[in-house]
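Colleague: Pasting in a structure now, in structure tokens, and then I'll have a few things to ask.
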Amino acid sequence: MNRPRMTAYATALLRCLLQRAGEDRNRIFLSHWSTSDWQSLTLEGERHEASFVVSGARAQAFAALWLAGLSVAEFDLPRGFVADIELKGPPRVRDDGAVEIEIAALTLDD
């Protein structure tokens, strides 16, 4: 099965999100990512929706630290910028203790 490649904005945003987790980023599993074109009358960009699973010891505490201040975080993209990023809902704790997280973001061309 051929998998679509992620766009440059999607790849850069994912890299920035994982960097927020520091050395423990290997505890974060990307389970879904979708990107669609977005535009207004004056701006163009992409809308991203991502789902992650955080596992390991104290997954809830780790996820809370990873997500703290997400909506006001600065992201260093090679071009463009993150105009909006937010959780799509509260993190969900699975029966196995892992935490499911859904994030939505809007990246714009500069």
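The values are calculated or read from the model by the stated rules, or taken from the named source; none is laboratory data. This one's a predicted model, so the numbers in the text were calculated from it and none came from an experiment. Virtual Cβ from ideal backbone geometry, glycine too; neighbours counted across all protein chains shown. Surface areas here come from the heavy atoms of the whole protein model, side chains and all, with no ligands, DNA or RNA. Shrake-Rupley method; radii C 1.70, N 1.55, O 1.52, S 1.80 Å.
Colleague: State in Å² the accessible area per residue of the stretch 1-53; use a 1.4 Å probe, count heavy atoms of protein chains only, and round to the nearest integer. Present the calculation step by step, with values, prior to reporting the outcome.
Modeller: Numbers: 3810 Å² over 53 residues.
So the stretch 1-53 comes to 72 Å² accessible per residue, rounded to a whole number.
Colleague: Multiplying the sequence separation of S36 and R20 by 0.36 nm and subtracting their Cα-Cα distance, what value in nm do you get?
Modeller: The span from S36 to R20 would gain 3.4 nm if fully extended.
Colleague: About the Cα centre, and with charges only on the beta carbon of Lys, Arg (+1) and Asp, Glu (-1), how big is the dipole of the stretch 1-90? Nearest 20 debye, please.
Modeller: The calculation lands at about 360 debye.
Colleague: Over the chain, what is the relative contact order in whole percent, taking alpha-carbon pairs under 8 Å and six or more residues apart?
Modeller: Reported relative contact order: 28 percent.
Colleague: Further, regarding this structure: May I ask you to give the percent of accessible area on the chain that is carbon plus sulfur, with a probe radius of 1.4 Å?
Modeller: 49
Colleague: Taking Rh as the Kirkwood radius computed over C-alpha pairs, what is the Stokes-Einstein D of the stretch 48-99 at 37 °C in a medium of viscosity 0.692 mPa s, expressed in µm² per second?
Modeller: Values: Rh = 12.6 Å.
Rounded to a whole number, D works out at 260 µm²/s.
Colleague: Please name which of G80, A63, T35 has its Cα lying farthest along the dipole of the chain towards the positive end, using unit charges on Cβ (Lys, Arg +1; Asp, Glu -1) and the Cα centre as origin.
Modeller: A63
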